[in-house]
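Just below is one structure, and these are the notes that go with it.
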Amino acid sequence: MKHMGTMLMREGPFEEIVMGNTALVRAMIEAGTRVVTSYPGSPTPEIATAIRSIPRGDRPFYFEFSTNEKVATEVAFGAAINGHLSTVFFKSVGLNVASDTFVQLSYMNILGGMVVVLGDDPGANSSQNEQDNRHFAHMSYTPVLEPSNPLEVYLFYKEAASLARRYHMPIILRLTTHVCHAKEKVAFSAFTPLQPDDTPRFNVVGGPQIPLTEEALGKKREALRKLEEVGRTANESNLNQLVDNRNRRRGIITMGLPYLSLMDVLEKVSEKPDILKLGFVHPVPRKIVEAFVKSHDEVKILEELDDILEKDVKSLAYDAGLKTRILGKTDPETWIGEYTADKVQDVLNDTWPDMLGARHPAAVLPEVVLARPPQMCPGCGHRSAFHAIKKALSGQDITVADIGCHTLGYLPPYEMGQVMMCMGASPGIGSGLSLFNTSRKVVVFMGDSTFFHAGLPGILNAVFNQHPITLILMENGTTAMTGHQDHAAVGENFNGPTDKVPVRKVLEGLGVKHIYEVDTYQQSRLTERVETAVNNPEFSVVIARHPCMLKFTREARRKPGYQAKQVHIDQKLCNQTHTCVAAFGCPTFTRHTDGKVTINPDLCIGDGSCLQTCPTRAIEKPG
Ligand SMILES: Cc1ncc(C[n+]2csc(CCOP(=O)(O)OP(=O)(O)O)c2C)c(N)n1
């Protein structure tokens with residue numbers, strides 16, 4: 001880690017094998033970015049990991065994890081209108097949360113320039129949907145640059161920063177999961193640390209930035225003008241590349257990961273189509289695209305997710321009166337999933353069946369590799385919570401999940417969480433479910449990071465509108481799902497210690513009258529508290545607390561004298577009821593074909609939360 005930080009701050013040029021997310025941080029340093037903000041979400045958290053690897057005193061920019069993506073965008077915007085180049089990054093659905101602020105950015109005169117780095121997630125590898133944020137770019141008149149590998153992440157960020165500065169506007173750098181996580185050798189340039197200029201530059205010259213009524217229309221005009229200027233720049237940019245295979249019959253317009261997959265697929269093809277790889281994907285470089293379309297009989301648009309480029313190219317070709325056949329998306333499957341080489345091969349076979357020759361069989365995993373469902377870690381406090389809460393509820397009760405590690409409670413053996421949408425949605429959904437529903441209790445779950453991120457309005461609404469639901473706040477002291485980032489109740493932020501914002505006091509401040517607090521390892525107590533809470537006719541909250549044990553054990557392991565502990569099974573006492581495996585479900589327990597249960601020493605952390613689950617007390621304390 002320290003090595004990474006030293007490498008990123010090197011002043012001379014160097015080459016290194018890095019992830020897209022790491023290359024981005026070097027680009028920020030070289031570009032002179034002063035303020036960077038974020039809220040964690042895959043595929044972007046490793047950007048913060050790379051930033052953290054630079055010792056705080058050496059970091060050439062300020063970084064913070066804000067409480068959510070909207071606030072992160074506002075902090076970056078505020079810094080940028082004070083003249084500092086800023087960047088905000090977050091995952092695909094983060095833009096939904098940030099959108100109320102984000103859609104205004106292009107209307108504003110952003111003095112220092114602002115780069116919005118989006119981690120889109122084709123394939124929904126770690127997201128609840130597969131949204132294509134190019135739609136937001138169109139809607140908000142914001143240009144988009146899209147790299148396809150770590151080298152391009154580095155180069156494209158620097159270009160985005162330069163455009164943002166030149167035109168005082170937001171520029172989107174659209175990454176996707178593959179691009180963030182791919183690794184390759186990148187040649188970085190030298191960078192000269194500049195003496196930072198901290199003169200406050202925010203002023204109201206040129207009019208206050210208040211987009212209201214007439215003002216809003218003028219600002220929209222200005223946004224459209226800047227977009228057009230960037231479009232002209234796009235036509236001259238070497239971020240767009242032409243691969244001339246001297247094939248005037250067939251051409252392909254593509255970008256990002258589909259381009260890399262295409263190059264793989266075409267390796268053994270004799271009649272290769274010409275390829276136009278776009279770096280500027282919004283606005284499309286009209287002159288270049290028009291010339292490419294015009295010079296081919298057929299042009300295939302190869303793009304992941306939605307048909308956005310296809311629509312752009314078709315409308316442009318129509319306006320220019322071109323006769324070229326433009327081939328876009330066909331069946332719904334072409335809208336779904338990552339454009340890996342297998343996928344691109346299938347898409348091209350459907351487009352031009354004669355081009356690829358024999359279809360290569362898609363890579364099939366051997367049957368011995370079993371699918372592994374996601375699961376909670378050994379010792380996870382959420383497991384103890386679900387085990388205990390299940391005992392307090394009847395099969396008729398309704399449970400609403402939220403987003404985080406605790407979402408996994410929907411899986412067997414707990415099966416708690418029958419509906420889920422997005423961060424912080426559970427109290428609102430639960431409130432709706434409770435209407436005209438007197439016979440079934442509604443219990444909703446939420447994590448502590450989500451509580452601060454988007455949970456508060458739904459909770460306040462339940463108080464204000466008197467919805468008789470129970471919220472179980474799964475407080476594990478971290479943002480576990482995305483890699484243990486701090487949040488307001490932790491007592492630490494990215495840059496050092498802070499005051500803890502106590503969850504209970506926040507709840508009291510919101511007007512919640514019935515609050516119960518339990519450590520989730522005290523399972524019978526938790527069962528009892530949940531029974532009381534759900535029988536309360538008013539809105540109630542159970543704070544089900546236990547530190548994230550993955551984080552806890554990782555930290556404990558680093559301490560001198562740490563000794564790993566494990567529980568044991570007294571085989572004489574075990575009568576093979578299998579509660580530990582079938583109802584508690586800790587992955588540490590292995591049930592053998594003869595019914596015997598043993599402990600997997602590679603997994604057990606010796607937390608002992610399982611002891612109370614065994615009806616014959618066969619699980620022994622870690623020794
Ligand atoms: C709008 C949005 N931003 C970020 C994410 C990524 N993400 C998934 S769960 C989660 C928070 C998890 O923390 P917490 O609520 O404390 O639950 P835990 O994982 O600790 O159980 C985040 C940030 C997301 N899904 N949606």
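For this structure, a couple of remarks:
- Residues of the stretch 399-422 that turn out to be assigned to a loop (DSSP other than H, G, I, E, B), more than 15 Å from the ligand (Cβ to nearest atom) and not polar (S, T, N, Q), as a count: 3
- In the set ARG246, ARG174, only one residue is in contact (Cβ under 8 Å) with a residue 24 or more places away in the chain and either part of a strand (DSSP E or B) or touching a Pro at 6+ places or on another chain (Cβ under 6 Å) (or both); that residue is ARG174.
- Screening MET19, MET7 for residues that are of a type outside the set (Gly, Ala, Ser) and surrounded by fewer than 18 Cβ atoms within 10 Å (Cβ to Cβ) leaves exactly one candidate, MET7.
- Some residue of the stretch 50-61 being within 20 Å of GLU184 (Cα to Cα) and of a type in the set (A, V, I, L, M, F, W, C): yes
- Verdict on VAL71 being within 16 Å of the ligand (Cβ to nearest atom), part of a helix (DSSP H, G or I) and either in the same structural domain as LYS183 (by TED's automatic domain parsing) or without any contact (Cβ under 8 Å) to a residue 24 or more places away in the chain (or both): yes
- Residue selected from the stretch 122-150 under the condition under 25 Å from ALA31 (Cβ atoms) and within 16 Å of the ligand (Cβ to nearest atom), by the criterion farthest from the chain's Cα centre (by Cα): PHE136
- Sole exception among (1) surrounded by 14 or more Cβ atoms within 10 Å (Cβ to Cβ); (2) not in a strand (DSSP E or B) for LYS268, by number: (1)
- Among the residues of the stretch 520-562, those that are in contact with a Leu (Cβ under 8 Å, 6 or more places away or on another chain) and not hydrophobic (A, V, I, L, M, F, W, C) comprise THR520, SER540.
- Identity of the residue in the stretch 18-49, within 16 Å of the ligand (Cβ to nearest atom) and farther than 26 Å from ILE81 by Cβ, that ends up nearest to the chain's Cα centre (by Cα): SER42
- Members of the stretch 457-500 that are more than 16 Å from the ligand (Cβ to nearest atom) and within 30 Å of GLU555 (Cα to Cα): ASN495, GLY496, PRO497, THR498, ASP499
- Checked against the criterion of being closer than 23 Å to HIS453 by Cβ and within 10 Å of the ligand (Cβ to nearest atom), the stretch 104-111 contains not a single residue that satisfies it.
- Note on the stretch 50-75: residues that are among the basic types (Lys, Arg) and over 22 Å from the mean Cα position of the chain (by Cα) total 2.
- Among (1) of a type in the set (A, V, I, L, M, F, W, C); (2) buried (at least 24 other Cβ atoms within 10 Å of the Cβ); (3) not in a strand (DSSP E or B), the one test that PHE445 misses: (3)
- Residue in the stretch 377-398 that is in a loop (DSSP other than H, G, I, E, B) and within 13 Å of the ligand (Cβ to nearest atom) present: yes
The values are calculated or read from the model by the stated rules, or taken from the named source; none is laboratory data. Computed from a predicted model, the values in this text were never measured in an experiment. Glycine also receives a Cβ, built like all others from the backbone with ideal geometry; neighbour counts cover every protein chain displayed.
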